[in-house]
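Before any comments, here is the structure.
The values are calculated or read from the model by the stated rules, or taken from the named source; none is laboratory data. Please read all numbers here as calculations on a predicted model, not as lab measurements. Note that each Cβ is placed from the backbone with ideal geometry, even for glycine, and that neighbours are counted across all protein chains shown.
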Amino acid sequence: MDKIRASLLKKSIASKIERRGKIISLTCLALIILVVFLIFYFVASRGLATFFQNHINFWQFLSGTQWNPGTNGTNGQPAVGALPMIVGSFLITIFSALVATPFAIGTAVFMTEISPRRGAQILRPVTELLVGIPSVVYGFIGLQVVVPFVRNTFGGSGYGILSGTFVLFVMILPTVTSMSADALNAVPRYYREASLALGATRWQTIYKVVLRAAIPGMLTAIVFGMARAFGEALAVQMVIGNATLLPHSLVSPASTLTSILTMGIGNTVMGSLQNNALWSLAMILLLMSLVFNMVIRYIGRKGKLNNER
Amino acid sequence: MKKSRVIQLLGLVLIGVLVGLGYSQRATTDASESITAVGSTALQPLVEAAGEQYSSEHTGIFINVQGGGSGTGLSQIQSGAVAIGNSDVFAEEQPGIDASKLKDHQVAVVGIAPIINKKTGVTNLTSEQLRAIFTGKITNWQAVGGKNLPIVLINRAQGSGTRKTFESYALNGQKSADSQEQDSSGLARSIVASTPGAISYVAFSYLDTSVTALQVNGVKPTKTNVEINRWHIWSYEHLYTSQQPDQLTKKFINYILSTAVQKKLVKQLGYISVHDMHVQRSATGKITTVK
């Protein structure tokens with residue numbers, strides 16, 4: 001009797017193991033959260049120093065067009081105008097998403113609706129292969145192939161937003177494609193069956209039913225691609241020309257936040273204005289990726305409501 | 001249950017042993033047998049090669065060499081994180097660095113030459129023309145006797161040692177106009193080689209037949225001209241240490257400055273030996289002749 005009583009009151013081995021497992025996974029989680037928090041803290045503390053220690057006007061930083069933190073600009077203040085980089089980053093992101101989206105959706109439709117067998121056998125592995133190619137390879141191909149092509153076709157030196165767009169287009173295409181394909185696959189089978197049963201052709205079904213139902217998922221895919229394009233540094237840096245000038249055409253040299261960051265960080269001294277200004281650029285990048293993340297979550301939530309209705 | 005316990009225990013012991021081993025290794029190597037040099041990528045090949053040679057001659061001593069840029073080198077040595085900070089520029093020229101706390105060792109000289117695309121049709125520029133091109137006053141090669149081609153400026157990254165040297169001694173301290181920037185000499189050269197009308201500047205060791213090295217005022221960019229300062233665009237390569245470096249650091253720097261290294265390794269890698277220089281330049285740019 002006592003034995004049974006004791007075994008009932010004591011914690012079983014299974015529950016002990018479960019508690020240990022919980023502790024381990026919680027510790028891992030806490031560690032990751034701590035790291036994320038520390039990164040935010042570090043970037044913010046350095047990035048904000050530009051405004052609080054070096055007394056740079058925040059609006060001037062966002063709207064100024066001269067970037068040369070070592071020297072004074074025309075207004076006598078240190079020249080830390082990040083507008084050229086911000087504009088460059090956004091233009092290149094938006095353009096590459098615009099170019100990539102039709103191709104990605106077309107491929108995804110082919111993979112899921114038109115020829116699922118061939119899609120699974122050939123196209124999926126190919127897109128996955130594209131994801132695995134290191135960005136420096138893309139940059140190198142961009143430098144050797146895309147830049148001369150742009151120079152000979154559109155004029156200019158070949159370095160600029162257009163070349164960057166072409167390179168990024170290929171880089172984000174697999175991401176957007178495979179996520180769009182997932183979104184299309186997630187459309188319930190009975191949507192298609194109902195549409196076909198009503199007498200719609202395959203094209204009508206794809207266009208009017210499947211694509212419409214998958215819009216939230218595809219938007220998420222596009223924003224994901226944009227987030228990747230926004231954060232890409234190396235490949236873009238090799239083809240964009242890295243001139244801190246406001247781009248006045250698609251073939252004039254420009255720069256992005258990431259390209260100026262990677263180029264400048266080794267040449268500045270921790271704690272100096274030049275270094276702090278670069279951290280401010282990093283802070284903008286971090287904030288932007290936060291915004292992209294929030295947009296993705298927002299679209300996801302919206303999409304769910306629509307489906308339930 | 002028992003078996004997994006044993007495995008767990010073994011794993012723990014293994015981790016413990018590894019950590020202990022790693023810790024003891026760290027303790028011995030950090031004590032005096034290894035030094036770390038960080039900084040300038042232009043100087044990195046020399047320090048790496050000299051470090052390898054030094055380790056092979058002195059068993060058990062390791063010289064870790066890392067890149068990162070002159071700014072990184074100077075800030076790391078200032079904060080005391082490394083033994084040697086490699087730099088292309090004088091510590092006095094770098095904002096945020098207190099040069100009085102550092103000790104300068106000039107181990108080599110690097111000459112820098114303007115390079116242009118081969119199809120430009122120009123081989124010589126006066127220093128005024130060079131300045132006008134880089135400050136954006138001349139924008140077509142026709143104006144300096146070349147073909148009717150727009151000039152494409154390709155600068156090195158802001159704060160790069162090569163760019164600082166070029167602006168100080170080729171542009172007389174004027175800032176170059178905003179233009180394309182590249183963060184490595186190799187990339188700058190290959191872009192000049194493939195872009196019509198492009199002009200940039202690289203260290204002598206990067207000169208090859210894919211680009212034209214310009215003469216300035218009729219002076220050719222050669223080692224001999226640098227040694228007598230007829231070619232003005234050159235800079236020292238510095239190894240910065242703290243005011244009181246430890247024994248090994250001192251020995252290693254003396255080794256790099258020794259005739260054996262200066263006569264062979266420095267020349268093989270395309271640098272100019274400090275022993276061959278007939279002039280000396282101070283941080284402020286004052287030239288004195290060496291007797």
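Assorted remarks:
- Test result for B:THR135, of a type in the set (Val, Ile, Thr), within 14 Å of chain A (Cβ to nearest Cβ) and touching a Pro at 6+ places or on another chain (Cβ under 7 Å): no
- Hits in segment A:39-85 (condition: within 14 Å of chain B (Cβ to nearest Cβ), among the aliphatic types (A, V, I, L, M) and part of a helix (DSSP H, G or I)): A:ALA49, A:LEU83, A:MET85
- Cβ separations smaller than 6 Å between residues 6+ apart or across chains give the following pairs from segment B:50-78 residues that are within 11 Å of another protein chain (Cβ to nearest Cβ) and assigned to a helix (DSSP H, G or I) to residues that are surrounded by 21 or more Cβ atoms within 10 Å (Cβ to Cβ) and hydroxyl-bearing (Ser, Thr, Tyr): B:SER70/B:SER40; B:SER70/B:SER87; B:GLY71/A:THR268; B:GLY73/B:SER40; B:GLY73/B:SER87; B:LEU74/B:SER87; B:ILE77/B:TYR240.
- Cβ-Cβ under 9 Å pairs, at least 6 apart or on other chains, segment A:103-130 side closer than 16 Å to A:ARG212 by Cα and in a helix (DSSP H, G or I), far side modelled with pLDDT of 85 or more and of a type in the set (Lys, Arg): A:GLU113/A:ARG192; A:GLU113/A:ARG202
- Scanning segment B:93-116 for residues that are charged (D, E, K, R) and within 14 Å of chain A (Cβ to nearest Cβ) returns B:GLU93, B:ASP98, B:LYS101.
- Of everything in segment A:1-38 that is part of a helix (DSSP H, G or I) and hydroxyl-bearing (Ser, Thr, Tyr), the residue that is farthest from A:LEU286 (Cα to Cα) is A:SER7.
- Considering residues of segment A:243-256 that are out of contact with any Pro (no Cβ under 7 Å at 6 or more places or on another chain) and either crowded, with 24+ Cβ neighbours inside 10 Å or within 8 Å of chain B (Cβ to nearest Cβ) (or both) only, the residue modelled with the lowest pLDDT: A:PRO253
- Residue that is surrounded by the most Cβ atoms within 10 Å (Cβ to Cβ), among those in segment A:103-141 that are out of contact with any Leu (no Cβ under 9 Å at 6 or more places or on another chain) and under 30 Å from B:GLN182 (Cβ atoms): A:ILE141
- Among the residues of segment B:196-246, just one is out of contact with any strand residue (DSSP E or B) (no Cβ under 7 Å at 6 or more places or on another chain), among the small types (Gly, Ala, Ser) and under 29 Å from B:GLN142 (Cβ atoms), namely B:SER210.
- Scope segment B:175-192; condition surrounded by 17 or more Cβ atoms within 10 Å (Cβ to Cβ), out of contact with any strand residue (DSSP E or B) (no Cβ under 7 Å at 6 or more places or on another chain) and more than 8 Å from chain A (Cβ to nearest Cβ); matching residues: B:SER184
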